[in-house]
Amino acid sequence: MAPRHRNRERGGEDLELQDIFFQTLSKVLAINSWICQGAALHGLGHLHHPRTKELVNRYLDENPSLNTGQKAYALAAAEFQVL
């Protein structure tokens, strides 16, 4: 059975939970630890929140010292292409 993804179009609980997940992952992304940031990016890459790309772009702007692999992973998360 495939996992059930939250659907913003349903509104209600799905919309509220997705927004709470996004807020939480945004806070984790701000922790000064690649382990935390990588985990947050992974979650964001699966969440499909409409503000993910904006958040990831800001993260990349604020973290110019990321290595090539870290930048590529962040960009993949922004496009919901993480595994």
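Values in this text are rule-based calculations from the coordinates and carry no lab data. Please read these numbers as outputs of a predicted model, since none were measured by experiment. Counting neighbours? That spans all protein chains shown, and the Cβs are built from the backbone with ideal geometry, glycine included.
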Karplus (6.51, -1.76, 1.60) ³J(HN,Hα), θ = phi - 60°, over region 37-46, in Hz, Gly and Pro reported as x
5, x, 5, 5, 4, 4, x, 4, x, 9
Can you tell me the relative contact order of region 23-76? Whole percent, Cα pairs under 8 Å, sequence separation 6 or more.
29
Scoring only Lys, Arg, Asp and Glu (+1, +1, -1, -1) among other residues with Cβ under 15 Å from the Cβ of Trp34 yields 0
Backbone HN-Hα couplings from phi across region 51-63 [Karplus 6.51/-1.76/1.60, Hz, Gly and Pro as x]
9, 4, 4, 4, 5, 5, 4, 5, 4, 5, 4, 7, 10
